[in-house]
Amino acid sequence: MKQFFNHYKSYHLSLLLLAGPMILSNISVPLLGLVDTAVIGHMSSAHYLAGIALGASTISVLFWLASFLRMSTTGVISQAFGQKNTRKLTMLLQSSLLLAVSFALLIVSLQGVFLMAIEQLSGASEQVIEQANLYFSIRIYSAPAAMCNLVLLGFMLGMHYGKGPFYLVLFTNLINIVLDIVFVVGFDWGVAGAAWASLIADYSGLVFALLLVKCLFKRNAIAWLWHLPARTEVSQLLTLNRDIFLRSLMLQLCFSFMTFYGARLGELTLAANAVLLNFLMLVSFALDGIAYAAEAKVGHAKGQNDTNKIQLWVKLSVFWGAVFALLYSLLFAIFGNQIIMLLTDIPEVITHAYRYLPWLIILPIIAMACFLFDGVFVGLTRAREMRNSMLLAATMGFFLPFMLTTSWQNHGLWFSMTCFMALRGVSLFYRYQQLRRQGILLQ
């Protein structure tokens, strides 16, 4: 172990310097969710918390479906950066931003369909549906800014500018948190206040992100030139985005099923799961900090046609991912109950959430591999493998276990989520080992 540190000391440092700002900024994302939940959770009734959980979950499904924009941008930009191809960098950024705006406008135009889906699929009470629709109908108009921010964040990460995403996410979330308190607590706007806070924060973040990218261009002596994208490159980008989109669609299907089926189990279960999902989001964003660094490092190494460096970055990323996973499991085991009480002071919700806390204690360790190897495959721009792994995990790891454990009710949901995370990690690790043994990591 000591030799592992000493021999690769500079590589450990390089990875952590890139991952560190991402971990800090990613932690601020679930902290925003904690503030949203805490502010609404201290209102007079559980239906406010359940309503914002349902509305925000629907927005998350849509916006997280767009995570393919960030992931594909990071992968292709990191490889172009490794090749030192500045023309390709600007062309890919332009194409990705155009795709982001197009996807956002499609989402906004279909908002009526999504509002109908909230009501039909959740089976929640009229009060909960009213609050969920109120949140969604405001927040949906932040889609163009949110989609473009994903692309710009992916561009900065692909350029190994870890501080840029840190500044962007921190800036956006600080505005959101401050406005949450002002609108919800100060102005007493309730759920609508939380939605307006997020919308304003997203557009403020877009302006800030554009300024950061402008500085990054200047620092790297990159001239912004309008390029007519080559047909083959556009086709490859669309194929990459398509596969990552399908992967993200299946991922969000499983997470949204948690919320919608939880609504059918009652308001208390829906509210309790809303609290507990913040634990999982905290874990996922922290592990994604390492995974984001893996994306950039592995992609850069592929751009340089260096197989040995790809394998080294994978080993280092898995090591540090395991360290953080263990830390989170210990944190939840020791302070889990206190975190729940911080999020809500409704006694029934606290009691209900505490019943399912053991699942959150073991999940970080089980889920570590799936997050880390997602990053590896993004860097390799092998989206087809990510799509196939997610399809296998969703069908055989989530819905099959759920059908076998429906009598366990909410415990069955959390058991299925645990199996889902485990199978994602195992299948991606197995495929990576195949590629490594066959000597085709650079293809």
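The values are calculated or read from the model by the stated rules, or taken from the named source; none is laboratory data. The structure presented is a predicted model; accordingly, all values stated were derived computationally and were not measured. Counting neighbours? That spans all protein chains shown, and the Cβs are built from the backbone with ideal geometry, glycine included. These area figures cover heavy atoms from the full protein model, side chains too; ligands, DNA and RNA do not enter into them. Shrake-Rupley method; radii C 1.70, N 1.55, O 1.52, S 1.80 Å.
Restricting to the stretch 313-365, what's the tally of residues that are among the β-branched types (Val, Ile, Thr), in a helix (DSSP H, G or I), open to solvent by less than 10 Å² (accessible area, probe 1.4 Å) and closer than 22 Å to residue 265 by Cα? Walk me through how you get there before you give the answer.
At the first step, the residues of the stretch 313-365 found to be among the β-branched types (Val, Ile, Thr) are 314, 318, 323, 334, 339-340, 344, 346, 349-351, 361-362, 365.
This time we only want the ones that are in a helix (DSSP H, G or I), so: 314, 318, 323, 334, 339-340, 349-351, 361-362, 365.
Still in the list and also open to solvent by less than 10 Å² (accessible area, probe 1.4 Å): 314, 340, 349.
With closer than 22 Å to residue 265 by Cα added as a condition, the list becomes 340, 349.
Within the stretch 313-365, residues that are among the β-branched types (Val, Ile, Thr), in a helix (DSSP H, G or I), open to solvent by less than 10 Å² (accessible area, probe 1.4 Å) and closer than 22 Å to residue 265 by Cα number 2.
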Identity of the residue in the stretch 347-378, touching a Phe, Trp or Tyr at 6+ places or on another chain (Cβ under 8 Å) and of a type in the set (Gly, Ala, Ser), that ends up farthest from residue 275 (Cα to Cα):
375
Can you find a residue that is modelled with pLDDT under 75, surrounded by fewer than 24 Cβ atoms within 10 Å (Cβ to Cβ), under 30 Å from residue 239 (Cβ atoms) and not hydroxyl-bearing (Ser, Thr, Tyr) anywhere in the stretch 8-25?
no
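Of everything in the stretch 183-233, what is β-branched (Val, Ile, Thr) and either surrounded by fewer than 20 Cβ atoms within 10 Å (Cβ to Cβ) or in contact with a Pro (Cβ under 9 Å, 6 or more places away or on another chain) (or both)? Give them in sequence order.
If we filter the stretch 183-233 for residues that are β-branched (Val, Ile, Thr), which is where we start, we get 184-185, 191, 200, 207, 213, 222, 232.
Correct list: 185, 200, 207, 222, 232.
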